Amino acid sequence: MSDINITAKKRTKSTKGAVNKIRREGNVPGILYSKGSEPVNIFVEELSLKPVVYTSEVHLVNLKIEDQESVRSILKDIQFDPLTDRIVHVDFQAVTLGKAIQLQLPISFIGSAVGVKEGGKLQQNLHKLDIQCLPKDIPQHLEVDITNLHIGNSILVGDLSFENIEILSAADTVVVSVTTIKETTDEKTDELQDAPKEPELISRGKAQEDSEG
């Protein structure tokens, strides 16, 4: 796993006006959490976040807050503006190299499922796994081999194991499966049939009003 250096500054005010001013100036407000210490309100340049946000991999971040020593951390949470997709808030979690940490890691499939070659459709139900491990053992992603998946087969969280990593996600959760095209079509049809319909009484009432008029 590669390290990325990010420079941050402390936030002295957390009012809505102060936070909006930070964003207008091209920065993103955030918080650094450290076990056993009070959270630190910070802000960082929006552009400096791109290498850790717009990627499918996980990076360790050396967070340099003004004149303090760099704090090794991970990007724990990120919030986007629902209209513009701009980053509006970030949370960092400080890590200690000898202590385990909980985080989410992206899943990456390797191989080509046999079931797809047989005419099936690959369906990914889970994109990240909740895991716990030492910082030194954090991989960039978790590889799952789907080569032997036939039509009707699936891989559950409980089927997976990774060296030096404890999986925290529910064991009975489906990660990926191969279904028939017909099953997929039937599912969409059922969704349409289950969709709420306008009451017929309203339409009949309107038609009656029109005829009486």
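Answer yes if at least one residue in the range 100-123 is free of Cβ contacts under 8 Å to residues at least 12 places away in the same chain and loosely packed, with under 15 Cβ neighbours inside 10 Å, and no otherwise. Yes.
Among the candidates VAL71, VAL44, the residue that is at pLDDT 95 or above, in contact with a Ser or Thr (Cβ under 9 Å, 6 or more places away or on another chain) and either of a type in the set (Gly, Ala, Ser) or surrounded by 17 or more Cβ atoms within 10 Å (Cβ to Cβ) (or both) is uniquely VAL44.
In the set (1) buried (at least 16 other Cβ atoms within 10 Å of the Cβ); (2) touching a helix residue (DSSP H, G or I) at 6+ places or on another chain (Cβ under 8 Å), ILE146 fails one condition alone, (2). GLU57 meets the conditions (1) farther than 17 Å from HIS89 by Cβ; (2) surrounded by 11 or more Cβ atoms within 10 Å (Cβ to Cβ); (3) of a type outside the set (Phe, Trp, Tyr); (4) more than 23 Å from the chain's Cα centre (by Cα) in every case but one. The failed one is (4). Scanning the range 79-127 for residues that are among the small types (Gly, Ala, Ser), modelled with pLDDT of 90 or more and closer than 30 Å to LYS9 by Cα returns ALA94, ALA100.
Against the conditions (1) without any contact (Cβ under 8 Å) to a residue 12 or more places away in the chain; (2) part of a loop (DSSP other than H, G, I, E, B), GLN79 satisfies every one except (2). Checking SER14, SER37 one by one, the residue that is at pLDDT below 95 and within 17 Å of ILE74 (Cβ to Cβ) is SER37 and no other.
Being assigned to a loop (DSSP other than H, G, I, E, B), within 27 Å of GLN140 (Cβ to Cβ), free of Cβ contacts under 8 Å to residues at least 12 places away in the same chain and not charged (D, E, K, R): is that true of THR55 here? Yes: the conditions hold for THR55.
Each residue in the range 82-106 was checked for being assigned to a strand (DSSP E or B) and within 17 Å of ILE31 (Cα to Cα), and 9 pass. All conditions but one from (1) surrounded by fewer than 19 Cβ atoms within 10 Å (Cβ to Cβ); (2) touching a residue at least 40 places away in the same chain (Cβ under 8 Å); (3) part of a strand (DSSP E or B); (4) not assigned by TED's automatic domain parsing to the domain that holds LYS136 apply to LEU32; the one that does not is (1).
Only residues that are assigned to a loop (DSSP other than H, G, I, E, B), touching a residue at least 40 places away in the same chain (Cβ under 8 Å) and not aliphatic (A, V, I, L, M): list them for the range 58-76, please. First the steps, then the outcome.
Pass one, the range 58-76, residues assigned to a loop (DSSP other than H, G, I, E, B): 58-59, 66-70.
Within this subset, residues satisfying the condition of being touching a residue at least 40 places away in the same chain (Cβ under 8 Å) are 58-59, 66, 70.
Those that are assigned to a loop (DSSP other than H, G, I, E, B), touching a residue at least 40 places away in the same chain (Cβ under 8 Å) and not aliphatic (A, V, I, L, M): HIS59, GLU66, SER70.
Considered as a group, the residues in the range 1-29 that are in contact with an Asp or Glu (Cβ under 9 Å, 6 or more places away or on another chain) and part of a strand (DSSP E or B) include one that is nearest to HIS59 (Cα to Cα), and that residue is ILE6. In the set GLU166, GLU198, only one residue is surrounded by fewer than 16 Cβ atoms within 10 Å (Cβ to Cβ) and at pLDDT below 95; that residue is GLU198.
In the set ASP77, ASP91, ASP85, ASP81, only one residue is on the phi > 0 side of the Ramachandran plot and either surrounded by 15 or more Cβ atoms within 10 Å (Cβ to Cβ) or not assigned by TED's automatic domain parsing to the domain that holds SER169 (or both); that residue is ASP85.
The values are calculated or read from the model by the stated rules, or taken from the named source; none is laboratory data. Since the model is a prediction, treat every value here as computed from it, not as a measurement. Cβ coordinates were reconstructed from backbone atoms using ideal geometry, including for glycine residues, and neighbour counts include every protein chain displayed.
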